[in-house]
Amino acid sequence: MINLNDPKLNDQMIQADSCYWALCNEIKLMGNTTFTLDKCQYMQVIMNDSSRFVCVMKGAQARITTVFMLRSIHCLGHGLYSKGVIYYFPSRDAVEDFSKTRFTPLINDNPCIKRLLQSTDSVFVKRVGKSFLTLKGGTATKILKGRKKDSMSVRSTPADEVIRDERDLFDDDMVQMTKDRLLDSVFKREVDLGTPTMPDFGIAKVFTLSDQKNSMIKCEGCGAYTCLVDDFPNSVKYHKSTTHVNYEPYFACIKCGKEIDPFAGEFVAKYPNREISGYHVPHLMTPHCELPLVMSRWEECQIDGSKAGAFYNSILGLPYIAAEDRLTESDVFACCGNDVMRTTISISQTAMGVDVGKAYHTVVIGEKVDDKRAKVIYLCRVKGFNAVHDIAKKYNVKSAVVDIRPYEESFNLFQKSEPYRVFGAEYKDKQREFMKTDERQGVYSLLRNQIFDKTHHWIKDGLVEIPRKCAEVDEFAKQMCNCAKVLEENEQGDRVYRYIKLGDDHYRSAMNYLWLALGDLTAWQGMAAPGFAMAGAGEWNPLTHGL
Ligand SMILES: [Zn+2]
């Protein structure tokens, strides 16, 4: 029989359970609130999850940063970790902001935390018990030529647990480096947190790999289970108000319509055997969610589709991408013709796009159909420039555009030795014009957004035919879709579109280069090339061709 009044047991509970510790000490949080589980039982479940890898995909105001900050302080203060915890924010500014507005008040307002912390001058490192809680910005600080991005702030500090907050703002190299901090630990715990942005990206990708826990609410009337998000908008019904004209929305059982308590859910895993413990915490189940407000925003989304992204991300805690911002595999397969990949030599003149990679080179061969349309006759992944040479010879390539990085020297040799026009290509994020041509070096500098837009429309408008479906075409389709257009804020605070990579996208780059290479066939065939002419002065129309 457990007696909670036993002071010894109480001490042991405080030692072992960070949530119990925070409750007993009535920890003061921002805005004069006290840590409580009222309307947020989910916090207790997440705080007490001892899995090695936890991820939380969350909507707005889910209080998850608080959960993990308190858990870290508790673990360190009670000597559970010897190597410390590193809490990563996406940037140094975000760390400073957090430290000043939330962390310092948390220490000052709570004697029980102050007692655990030794005084340090640094806003970034706090000594807790015998170990350290380090707050870091995860942004890459420099790009070394030919080497991985390395950041001073990520290197060199060992840890027992790393937490990455706002996961979508970390790039994959940076994530790997934060994992390396754990190599020397017996615990090796890691946590990913964040509001999702796009499907297959960042926190949404991690959540997909996890056991995928959603809060399920049991109806007191009929016993059926409702998931606020998966069943949205059917999980909301309306009371007819007698005094107002308005209808009052409420969360309802999807089976019988009886009102359900959004805070009474239990996490149920979709894939219980998976190693990563994943939680989905939408804004709908947080204590300050105001349903009438949520529903009026939802109605606005029905009228203005451009508002849907923000609603999905911050209210439902789900990733979202508008159809026009990313190709789908069915867009690509819709371009498949009846012809299988060509295996015999080519008589007509062809163009080639090559993406150069460490593991393999990605090659796409195409020919012109008329002044707008093109046909891909062959695509493959091969090792080394010699293999590329053999393919070019077989298919009668007269124009090639090849990635100059990362093997610039090999490219230069290839360019010199091939008996047809070979141009190098590199992407630029900042450049006034779509394309700069260095005739002497034989290099094109391309504005990344615009060249990706061109191949996006090439596929969407069905202006390029690709070979009949086969295993390699399947891979091609997958890679063509592994990038998406997102709205980002640049250093000047302007909102700009940028294509970001969601996985291997070598075939997409090879197609970008093929698009250019076909344009250069004009020199050989005297025809206007598909696409290339569009880039001519004055003809580029962002309204029809995208930004
Ligand atoms: Zn019911």
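The values are calculated or read from the model by the stated rules, or taken from the named source; none is laboratory data. Because the structure is a prediction, the values reported are computed rather than measured. All Cβ positions, glycine included, derive from the backbone under ideal geometry; neighbour counts span all protein chains shown.
Going through segment 23-34 one residue at a time, which ones are surrounded by 15 or more Cβ atoms within 10 Å (Cβ to Cβ) and under 11 Å from Asn110 (Cα atoms)? Within segment 23-34, Asn25, Ile27, Lys28, Leu29 meet the criteria. Counting only strands (runs of 3 or more DSSP E) that fall entirely inside segment 179-261 and contain at least 2 residues that are within 16 Å of the ligand (Cβ to nearest atom), under 30 Å from Asp49 (Cβ atoms) and at pLDDT 90 or above, the qualifying elements are 213-218, 225-227.
Just checking, which of Val382, Val388 is surrounded by fewer than 19 Cβ atoms within 10 Å (Cβ to Cβ) and at pLDDT 95 or above? Reasoning before the result, please.
Numbers: Val388 fails: surrounded by fewer than 19 Cβ atoms within 10 Å (Cβ to Cβ).
Exactly one of Val382, Val388 is surrounded by fewer than 19 Cβ atoms within 10 Å (Cβ to Cβ) and at pLDDT 95 or above, namely Val382.
Return the total of residues in segment 410-425 being closer than 24 Å to Asp371 by Cβ and assigned to a loop (DSSP other than H, G, I, E, B). Total meeting the criteria: 1.
Of all the numbered requirements in (1) within 23 Å of Asp165 (Cβ to Cβ); (2) at pLDDT below 90, Ser50 misses one, and that requirement is (2).
If you go through segment 463-473, how many residues are touching a residue at least 40 places away in the same chain (Cβ under 8 Å) and not in a loop (DSSP other than H, G, I, E, B)? Don't jump to the end; show me each part of the working.
Going residue by residue through segment 463-473, those that are touching a residue at least 40 places away in the same chain (Cβ under 8 Å) are 463-470, 472-473.
Next, only the ones that are not in a loop (DSSP other than H, G, I, E, B) stay: 464-466, 472-473.
Counting residues in segment 463-473 that are touching a residue at least 40 places away in the same chain (Cβ under 8 Å) and not in a loop (DSSP other than H, G, I, E, B) gives 5.
Scanning segment 426-462 for residues that are of a type in the set (S, T, N, Q) and either surrounded by fewer than 17 Cβ atoms within 10 Å (Cβ to Cβ) or not in a helix (DSSP H, G or I) (or both) turns up Gln431, Thr437, Gln441, Ser445.
Residues that are within 19 Å of Val376 (Cα to Cα) and at pLDDT 90 or above do occur in segment 435-452, at least one of them.
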